[in-house]
1. For segment 1-25, enumerate the residues that are part of a helix (DSSP H, G or I), over 19 Å from the mean Cα position of the chain (by Cα) and more than 20 Å from PRO160 (Cβ to Cβ).
2. If you go through segment 26-35, how many residues are in a helix (DSSP H, G or I) and modelled with pLDDT of 90 or more?
3. Return only the number of the condition from (1) part of a loop (DSSP other than H, G, I, E, B); (2) on the phi < 0 side of the Ramachandran plot; (3) modelled with pLDDT under 85 that THR176 does not satisfy.
4. Scan segment 157-167 and tell me whether some residue there is in the same structural domain as VAL130 (by TED's automatic domain parsing), assigned to a helix (DSSP H, G or I) and surrounded by fewer than 16 Cβ atoms within 10 Å (Cβ to Cβ).
5. Across segment 49-105, which residue is farthest from THR124 (Cα to Cα) among those that are modelled with pLDDT under 65 and of a type in the set (Val, Ile, Thr)?
Amino acid sequence: MKTTIAIEIQKILDEDLLSIEELAAKTGLTTPGLKKILSGQSTNVQRSTLRKIAEGTGRSVRIEGENIIFSRELPSTDNVPPLDGYKTTRMPSENYIREVPHYEVKAGAGLGQASYSENIVSYTKIFPGVHPSVRFTVRARGDSMQLAGINDGDLLFVAPVSDAHTLKNGAIVIATDDNGDILVKIFQREGDKVMLFSASPKYRPIIKSAEEVRIIGQVIHSSHLNTFAV
């Protein structure tokens, strides 16, 4: 049976899509040491180890009896007196911020536009509230997805999709067809057919065989922070 600390570390790996090696690099701990904790071989974990895990993954840690709990709660500023005329707000520290690449892709939220390119042109800072599965950003172009909350010029936060069979019907995706056009559409699969719908009556659905469509990723957020998936 897994210990509480092993369960909590596994949750961090799953939520942040990290390998044990990546977690070790973030926390300054050793990979063999973390593996021992995960396997239950090491149960007497020092508080300094808990602090390193918390600080390295942008979390806080608390101990309740025999339970160890990591959470993404931001540090409180309740005891900090506000300046005259200003409210005190909670701001994330650098531990809570990560950066993901922004690709030179203008994803057509209308007719197909721009061929897919893997050139990184900049990086986007990701703040708390954006799902940890997000791995890159692209820019939307066109008006066909406005009713879904995606406008021309919006920054789209995307999670890669390695297997389109894992997608649920209704997911908003970045797809490329056999012409090389990049599209932002609503995904639906029926048998061996893939249908890509616009969120506008002006545009007809695109119906193709599954082999003709490559799903690059699923849109998790837009720059308006409308949530499409969790």
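1. Of everything in segment 1-25, those that are part of a helix (DSSP H, G or I), over 19 Å from the mean Cα position of the chain (by Cα) and more than 20 Å from PRO160 (Cβ to Cβ) turn out to be THR4, ILE5, ALA6, ILE7, GLU8, ALA24, ALA25.
2. Applying the first criterion (in a helix (DSSP H, G or I)) to segment 26-35 yields 26-27, 31-35.
Cutting the leftovers down to modelled with pLDDT of 90 or more gives us 31-35.
Total satisfying the criteria: 5.
3. THR176 satisfies every listed condition except (1).
4. Looking through segment 157-167, at least one residue is in the same structural domain as VAL130 (by TED's automatic domain parsing), assigned to a helix (DSSP H, G or I) and surrounded by fewer than 16 Cβ atoms within 10 Å (Cβ to Cβ).
5. VAL80
Listed here are the residues, each with its yes/no results for (1) in a strand (DSSP E or B); (2) in contact with a helix residue (DSSP H, G or I) (Cβ under 7 Å, 6 or more places away or on another chain); (3) surrounded by 14 or more Cβ atoms within 10 Å (Cβ to Cβ).
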residue: GLN188; (1), (2), (3): yes, no, yes
residue: MET195; (1), (2), (3): yes, no, yes
residue: ALA199; (1), (2), (3): no, yes, yes
residue: ARG214; (1), (2), (3): yes, no, yes
residue: HIS224; (1), (2), (3): no, no, no
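The values are calculated or read from the model by the stated rules, or taken from the named source; none is laboratory data. All of these numbers come straight from a predicted model, not from anything done at the bench. Here the Cβ is made from the backbone with ideal geometry for all residues, glycine too, and neighbour counts use every protein chain on show.
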